[in-house]
C-alpha cells in the first residue's frame, strides 16, 4: 500500500496548500475574479462598470477570506487584481490616478475589506444565539 500526498486541497471555495503552517493559495480566487470582471466589463462600459465591479467582482474575490490565513504576498496579489480592474475600467495606468479613483469610489485596500469581514464574522459568532449553541455543545462534550 502506497501513501500518496497532495500539494493542495480545495474545500468550500478555499484552496489550502501543503506547508508546515496552515497556508492558503489565492491563485484560484484570482482566476475567478478576472473571469467575473471580464464578463461584466465586456457587457457594460462606463460608470456602471465600477458599481458592478464593486458589487460582484469583489464579492467573488472576498468569499471566505475572513476565515483564511492570508500572507502579505497574497494580499498584495489581490490588491494588484483590483488595481488592474480599476485601471481597465477608467482607461488609465497612472498609479496616482488609480489611487484617487480608489478614494473617490470608497474602495479601501483588500486587507481592510478582509479585516472588516473578519470583524463582522466574529461579531456574528459572538452573538448570544451562537453562544447559546456553543454552550450546549460544551456541556454535552
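The values are calculated or read from the model by the stated rules, or taken from the named source; none is laboratory data. Computed from a predicted structure; not experimentally measured. So basically every Cβ, Gly included, is an ideal-geometry build from the backbone, and we count neighbours across all protein chains shown.
Go through 82, 67 for me and flag whichever is within 24 Å of residue 24 (Cβ to Cβ), within 11 Å of the chain's Cα centre (by Cα) and at pLDDT below 80.
Selected residue: 67, the only one of 82, 67 that is within 24 Å of residue 24 (Cβ to Cβ), within 11 Å of the chain's Cα centre (by Cα) and at pLDDT below 80.
Of all residues in region 1-20, how many are without any contact (Cβ under 8 Å) to a residue 12 or more places away in the chain and either loosely packed, with under 13 Cβ neighbours inside 10 Å or out of contact with any strand residue (DSSP E or B) (no Cβ under 9 Å at 6 or more places or on another chain) (or both)?
Counting residues in region 1-20 that are without any contact (Cβ under 8 Å) to a residue 12 or more places away in the chain and either loosely packed, with under 13 Cβ neighbours inside 10 Å or out of contact with any strand residue (DSSP E or B) (no Cβ under 9 Å at 6 or more places or on another chain) (or both) gives 9.
Within the group 88, 76, which residue is over 16 Å from the mean Cα position of the chain (by Cα), at pLDDT 85 or above and assigned to a helix (DSSP H, G or I)?
The match here is 88.
Checking residue 62 against (1) crowded, with 16+ Cβ neighbours inside 10 Å; (2) modelled with pLDDT under 85, only one condition comes out false. Which one?
The single condition residue 62 does not satisfy is (2).
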